[in-house]
Amino acid sequence: MQPHDPVYGSPDEAHRDPLIHQPQDPPIAAEARTAAAIRGGSLPRMPKPNRRRVMVVANQKGGVGKTTTTVNVAAALSMHGLKVLVIDLDPQGNASTALGVPHHAGVSSSYELLVEGTGIKECVQEVEGLPGLLCVPATIDLAGAELELVPMVARESRLHKAIEAYTEDIDYVLIDCPPSLGLLTLNALVASREVLIPIQCEYYALEGLGQLLRNVDLVKAHLNPDLAVSTILLTMYDSRTRLAQQVAEEVRTHFGDTVLKTAVPRSVRISEAPSYGQTVIAYDPGSAGALSYLEAAREIAAAGAA
Ligand code: ADP
Ligand code: MG
C-alpha cells in the first residue's frame, strides 16, 4: 500500500492509466483538496536542485505546447517554494501573455537583453500572484532580432552570457522558444544544460524531431558540451484515441526514461487559461490539466534533486 498524499491524492486516484500516468478526470475529493491547497498557499515544498537548472523548452513545430508547458511548469515549481525565471524568447510573446506580464512596445524585454546587451536585472518583471516567479517578457521587437543578431560578435552566446551574469538566487530558468531553429533558439540551446521537448500526441508528432535532435547534437559538439535532452513531456494526450496511445508508446520506446510518466491531457481549461492572463493552475487548480502540470513539475523537481 503506497502512502496517501494529502495534496495529490492516493496513487490509485492519479495513476489510473497503466501506460500513461494521467490524472484525467480526477475524483472530486482529490480535485477539491488540491484546489484548496493551492488557494491556501499550503503546498508542500519541492526539493531545490543541486545547482541552478537552465532548461530550454524547444520543438520547432508550432502549437505543440511549448509555451503552455513553460508557464505551467514554471508556475507549479514556484508555488512549491522554488525560485523560477521564465525567459520569453518567442516574438509572439505568448508566455508573457499567459503570465499576465506587460510586454507592449517600449517594455524592457528579451530583445534588449539579446541585441543591446541589457542585463536580466533590468528586463525582469515579477509575476502577479506567484511570488517566486520572474519573467523576462518578449515584445514584438524580438521579431527583428533574428536578423539583427547575424552580424554581431558571439551572436549565439549572448543569452548564455546574460544568464551567467545574473547571479540572483534562481533554481530554475525556463526558456520558451519560437517554433523555428534560428538564432533565437540557438541562443537558448547554448545557454542551457537541458532540453525539455514537449511532444504533441498526434500523427506527425515525431516528424521534424530528428532535425531538432541533430541541432542539439551540433550545439553539443561545437558550442555547449553540457547540453542534453533531459526531459520529454507528452502533451494533448487523449487516452480515448488509439493514435495518442500509439504515439505515446512510440515516444516511450524511443526515449525511455527521459519521458515523464505524466502526460498532459487535452483539456479545454488549459486552452482557456491564457485569455485570462493566467496559468491553468491559477485559473482552475482542480482541473485535470492543472493536476497534470503539477505532477510533471514534481517529476522534474525530483529528477533535479536526485
Ligand atoms: P507552442 O508554444 O508550442 O506553439 P502552445 O503552448 O501555445 O504551443 O499551445 C498551442 C495551443 O494549444 C494554444 O492555444 C494552447 O492554449 C493550446 N493547448 C496547449 N496545450 C493544450 C492541452 N493540453 N489541451 C488543450 N489545449 C492545449
Ligand atoms: Mg509558443
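The values are calculated or read from the model by the stated rules, or taken from the named source; none is laboratory data. This structure is a prediction, so every number in the text was calculated from the model and none was measured. Backbone-built Cβ (ideal geometry, glycine too); neighbour counts: all protein chains shown. Just the protein is used for accessible areas: all its heavy atoms, side chains included, with ligands, DNA and RNA removed. Shrake-Rupley method; radii C 1.70, N 1.55, O 1.52, S 1.80 Å.
So that you can scan it fast, the table gives a plain yes or no per residue for (1) surrounded by 24 or more Cβ atoms within 10 Å (Cβ to Cβ); (2) on the phi > 0 side of the Ramachandran plot:
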{"residue": "A95", "(1), (2)": "yes, no"}
{"residue": "L99", "(1), (2)": "yes, no"}
{"residue": "A105", "(1), (2)": "no, no"}
{"residue": "S108", "(1), (2)": "no, no"}
{"residue": "V115", "(1), (2)": "no, no"}
{"residue": "A138", "(1), (2)": "yes, no"}
{"residue": "A154", "(1), (2)": "no, yes"}
{"residue": "C177", "(1), (2)": "yes, no"}
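Each row is one residue, and each column tells you yes or no for (1) assigned to a loop (DSSP other than H, G, I, E, B); (2) closer than 25 Å to M46 by Cα; (3) acidic (D, E).
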position	(1), (2), (3)
T67	no, yes, no
A74	no, yes, no
S78	no, yes, no
V86	no, yes, no
Q92	yes, no, no
G100	yes, yes, no
I140	yes, no, no
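Can you find even one residue in the range 89-101 that is over 19 Å from G182 (Cβ atoms), of a type in the set (S, T, Y) and within 16 Å of ligand 2 (Cβ to nearest atom)? Can you show your working first?
The first filter runs over the range 89-101 and keeps only residues over 19 Å from G182 (Cβ atoms), leaving 96-101.
The next check asks that each one be of a type in the set (S, T, Y); those that pass are 96-97.
Still in the running and within 16 Å of ligand 2 (Cβ to nearest atom): 96-97.
Checked against the condition, which is being over 19 Å from G182 (Cβ atoms), of a type in the set (S, T, Y) and within 16 Å of ligand 2 (Cβ to nearest atom), the range 89-101 yields at least one hit.
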For the range 117-124, does any single residue satisfy the condition of being away from ligand 1 (no atom under 16 Å from the Cβ), open to solvent by 10 Å² or more (accessible area, probe 1.4 Å), part of a helix (DSSP H, G or I) and out of contact with any Ser or Thr (no Cβ under 8 Å at 6 or more places or on another chain)?
yes
Leading residue by the ranking (farthest from ligand 1 (Cβ to nearest atom)) among those in the range 168-192 that are in contact with a Lys or Arg (Cβ under 7 Å, 6 or more places away or on another chain) and of a type in the set (D, E, K, R)
D169
I'd like the full set of residues that are of a type in the set (A, V, I, L, M) and open to solvent by 50 Å² or more (accessible area, probe 1.4 Å), limited to the range 182-209.
L206
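Of everything in the range 48-88, what is more than 21 Å from P285 (Cα to Cα) and more than 16 Å from ligand 2 (Cβ to nearest atom)? Give them in sequence order.
First, pick out the residues of the range 48-88 that are more than 21 Å from P285 (Cα to Cα): 48-64, 85, 87-88.
Hits for the range 48-88 are K48, P49, N50, R51, R52, R53, V54, L85.
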